[in-house]
Ligand SMILES: Nc1ncnc2c1ncn2[C@@H]1O[C@H](COP(=O)(O)OP(=O)(O)OP(=O)(O)O)[C@@H](O)[C@H]1O
Ligand SMILES: [Mg+2]
């Protein structure tokens, strides 16, 4: 496979992996329940379990190359790691873990600050990995239809649907503009670069407004009346997968009860 | 008379004051193929947008099927079912996450049953040769493929008239010829009336029964491609040109004194006949229907001898 853009590759995997034709309801049920359990329970084991199960599903069931999964996870992990280090080192109160005397004040690292930092990191990673499972294995169109079926407000689904489609259009436009600018100014200096980015973003903003108008005109021409209707052909949810998810969720709940005090540094 | 469209002294002024159309009168018979030809900014798109009620004339009237167009939402839905519009940029039109969902959008708006919609979507994608791409998102397609999907989205509504704005712009030669043949097939097999706007003068004689030339919001001339393209002065005055092949024969006639027929050939096919006629191989003129038999045809091609 050719090395493409991340967004294109995600979409390609979503459409070609062995799980792409399985029911989005099953996947949504797994992901949403795992997500809720992951972020709402205190245990650190739960997110790790979700992370492992999601990774196994992504790598072995959906056969996504490990390099790609790692690459996808690396971007948010970098940001997340930085935030969690800041939480660990500068937040918290109560019992001190270390005290660093500096000339003008004493920098205290708190025990519960470090605990929060680590717990936050683990939780978000768990949540991300199960979201990635959904995104990497399910064509967007199926997610939209499924969301609509489970009574997510139509406006939200329609807005997401349009965003999904036009993100690709605007990335293409941005790329064209960037190339055109590089041809004219080159990457001569840092300052020109900043200026170019400014010009492009301004231009892009106007483009989005115009695109909105043209798309609406085109939709009207095919009888748009304020509701985007879709063909709702979805694969049937697999009973086995639903039962497995329920079992998995129950185990998570049990584990969280027995391990809720585990993460104390 | 059986007449889908009749525009009566239509003018349109955009809200910023631009007078984009001025006193346009135009008619179209059922099954006709009409081309609107004009330079950039001459008002082609503005005119087309009047035909399915997206724009309303500032003055004048649009008639469809013998009745003045009404602008209530119910009447417009009916008009838009019968008159499909394929936009110039397929990215404006393709908004759904997959090809199939996009083509289904129009029929679903008409309130057809899911089963019926599935059938017409399948058929429309088949017609434009995009059936195997049904589950793909539009951004995985090439420009020409997007254009065909946009056409399928309109075909699925089973219209009587199809309007296309610049159907061949940005297409490579192969894409251009495919779209052109597809349109001709729709016109011949299903009697769908076609109106298209274009700058592509080489394509016009292959496609159009009749031609309107627009300039600065006005219709400057109307007639068959043959009538209008033989008026070189008119063509140049509106910053257009004749088809290349026509120009070649005009030069041969004027500059070199070759006894080319006054009715200059507009297409490769006509030019071929004219050349054969000039060589004394063909008796009748370029519009004649006799089989062309060139004396060279059954001889092996002459090989280039190289040192
Ligand atoms: N939404 C608008 N608001 C104001 N003026 C407009 C609008 N759309 C078009 N115009 C103006 O109306 C005139 C006719 O434009 P139109 O797009 O119909 O021309 P066209 O023949 O389709 O041109 P092209 O070959 O470039 O597509 C132009 O002067 C144009 O600037
Ligand atoms: Mg135009």
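How many residues, within segment B:108-131, are within 9 Å of chain A (Cβ to nearest Cβ) and assigned to a helix (DSSP H, G or I)?
6
Residues of segment A:57-66 being part of a helix (DSSP H, G or I) and surrounded by fewer than 14 Cβ atoms within 10 Å (Cβ to Cβ), which ones?
The answer is A:60, A:66.
Does residue B:112 meet the test of being surrounded by fewer than 22 Cβ atoms within 10 Å (Cβ to Cβ), within 16 Å of ligand 2 (Cβ to nearest atom) and at negative phi?
Numbers: surrounded by fewer than 22 Cβ atoms within 10 Å (Cβ to Cβ): yes; within 16 Å of ligand 2 (Cβ to nearest atom): no; at negative phi: yes.
Answer is no for this residue.
I'd like the residue in segment B:35-90 that is within 11 Å of chain A (Cβ to nearest Cβ) and part of a loop (DSSP other than H, G, I, E, B) and, out of all such residues, is nearest to ligand 1 (Cβ to nearest atom).
Looking at residues that are within 11 Å of chain A (Cβ to nearest Cβ) and part of a loop (DSSP other than H, G, I, E, B), I get B:88.
Suppose we filter A:82, A:147 for residues that are farther than 26 Å from residue B:99 by Cα and either out of contact with any helix residue (DSSP H, G or I) (no Cβ under 9 Å at 6 or more places or on another chain) or not assigned by TED's automatic domain parsing to the domain that holds residue A:23 (or both); which single one remains?
Criteria check complete, one pass: A:82.
Which of the residues that make up segment B:36-48 are touching a helix residue (DSSP H, G or I) at 6+ places or on another chain (Cβ under 8 Å) and under 12 Å from residue B:195 (Cα atoms)?
Correct list: B:36, B:37.
Applying the selection to segment A:160-181, what residues are more than 14 Å from chain B (Cβ to nearest Cβ) and surrounded by fewer than 14 Cβ atoms within 10 Å (Cβ to Cβ)?
A:178, A:179, A:180
With the structure loaded, tell me whether residue B:168 is assigned to a loop (DSSP other than H, G, I, E, B), more than 11 Å from chain A (Cβ to nearest Cβ) and touching a residue at least 24 places away in the same chain (Cβ under 8 Å) or whether it fails that test. Walk me through it before giving the result.
Details: assigned to a loop (DSSP other than H, G, I, E, B): yes; more than 11 Å from chain A (Cβ to nearest Cβ): yes; touching a residue at least 24 places away in the same chain (Cβ under 8 Å): yes.
Criteria met by residue B:168.
Going through segment B:1-18 one residue at a time, which ones are more than 14 Å from chain A (Cβ to nearest Cβ) and within 16 Å of ligand 2 (Cβ to nearest atom)?
B:12, B:18
Would you mind finding the one in B:63, B:50 that is farther than 11 Å from residue B:12 by Cβ, modelled with pLDDT of 95 or more and surrounded by 15 or more Cβ atoms within 10 Å (Cβ to Cβ)?
None of the other options fit; the residue is B:63.
Take the residues of segment A:210-236 that are at the interface with chain B (Cβ under 7 Å from one of its Cβ atoms), out of contact with any helix residue (DSSP H, G or I) (no Cβ under 6 Å at 6 or more places or on another chain) and part of a loop (DSSP other than H, G, I, E, B): which is farthest from residue B:134 (Cα to Cα)?
A:225
If I filter segment B:24-33 for residues that are in contact with a helix residue (DSSP H, G or I) (Cβ under 8 Å, 6 or more places away or on another chain), under 22 Å from residue B:106 (Cα atoms) and not in a loop (DSSP other than H, G, I, E, B), do I get at least one hit?
No, the conditions are met nowhere in segment B:24-33.
Step by step: first the residues of segment B:146-165, then only those that are farther than 22 Å from residue B:136 by Cα and assigned to a loop (DSSP other than H, G, I, E, B), then the one that is farthest from ligand 1 (Cβ to nearest atom). Which residue is that?
Here is the first cut: in segment B:146-165, the ones farther than 22 Å from residue B:136 by Cα are B:158-165.
In the following step, the residues that additionally are assigned to a loop (DSSP other than H, G, I, E, B) were identified as B:158-160.
On the way: B:158: 27, B:159: 21, B:160: 23 Å.
The extreme case among them is B:158.
Yes or no, residue by residue, for (1) touching a residue at least 24 places away in the same chain (Cβ under 8 Å); (2) at negative phi; (3) surrounded by 13 or more Cβ atoms within 10 Å (Cβ to Cβ):
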residue: A:6; (1), (2), (3): yes, yes, no
residue: A:15; (1), (2), (3): yes, yes, yes
residue: A:45; (1), (2), (3): yes, yes, yes
residue: A:55; (1), (2), (3): yes, yes, yes
residue: A:68; (1), (2), (3): yes, yes, yes
residue: A:74; (1), (2), (3): no, yes, no
residue: A:77; (1), (2), (3): yes, yes, yes
residue: A:95; (1), (2), (3): no, yes, no
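I'm trying to understand the selection: among the residues of segment A:2-36, which are part of a loop (DSSP other than H, G, I, E, B), under 14 Å from residue A:140 (Cβ atoms) and within 13 Å of another protein chain (Cβ to nearest Cβ)? So that I can check it myself, show each step before the final result.
In the first step, residues of segment A:2-36 are kept if they are part of a loop (DSSP other than H, G, I, E, B); the result is A:2-5, A:17-23.
Right, trim to under 14 Å from residue A:140 (Cβ atoms) and you get A:17, A:20.
Correct list: A:20 only.
For segment B:1-23: of the residues being in a strand (DSSP E or B) and within 19 Å of the chain's Cα centre (by Cα), which is farthest from ligand 1 (Cβ to nearest atom)?
It comes out as B:6.
If residue A:221 satisfies every condition in (1) at pLDDT below 90; (2) in contact with a strand residue (DSSP E or B) (Cβ under 6 Å, 6 or more places away or on another chain) but one, which is the exception?
Unmet for residue A:221, out of (1) at pLDDT below 90; (2) in contact with a strand residue (DSSP E or B) (Cβ under 6 Å, 6 or more places away or on another chain): (1).
Here are B:184, B:196, B:214, B:240: which of them is closer than 20 Å to residue B:168 by Cα, surrounded by fewer than 15 Cβ atoms within 10 Å (Cβ to Cβ) and in contact (Cβ under 8 Å) with a residue 12 or more places away in the chain?
So the residue among B:184, B:196, B:214, B:240 that is closer than 20 Å to residue B:168 by Cα, surrounded by fewer than 15 Cβ atoms within 10 Å (Cβ to Cβ) and in contact (Cβ under 8 Å) with a residue 12 or more places away in the chain is B:184.
Please determine, by comparing only the residues of segment A:147-159 that are in a loop (DSSP other than H, G, I, E, B) and free of Cβ contacts under 8 Å to residues at least 12 places away in the same chain, which one is nearest to the other protein chains (Cβ to nearest Cβ).
As a first pass, look at segment A:147-159 and keep what is in a loop (DSSP other than H, G, I, E, B): A:150-153.
Okay, now just the ones that are also free of Cβ contacts under 8 Å to residues at least 12 places away in the same chain, so A:151-153.
Numbers: A:151: 19, A:152: 15, A:153: 18 Å.
Only one residue tops the list, namely A:152.
Residues B:22, B:70: which one is surrounded by fewer than 21 Cβ atoms within 10 Å (Cβ to Cβ), more than 16 Å from ligand 2 (Cβ to nearest atom) and under 22 Å from residue B:194 (Cα atoms)?
Working: B:22 fails: under 22 Å from residue B:194 (Cα atoms).
Just one listed residue meets the conditions, B:70.
Mind listing whichever residues of segment B:185-217 are more than 16 Å from ligand 2 (Cβ to nearest atom) and either farther than 19 Å from residue B:243 by Cα or within 14 Å of another protein chain (Cβ to nearest Cβ) (or both)?
Those that are more than 16 Å from ligand 2 (Cβ to nearest atom) and either farther than 19 Å from residue B:243 by Cα or within 14 Å of another protein chain (Cβ to nearest Cβ) (or both): B:185, B:186, B:187, B:188, B:189, B:190, B:191, B:192, B:193, B:194.
The values are calculated or read from the model by the stated rules, or taken from the named source; none is laboratory data. All values reported here derive from a predicted model rather than from experimental measurement. Positions of Cβ are generated from backbone atoms using ideal geometry, with glycine treated the same way; all protein chains shown enter the neighbour counts.
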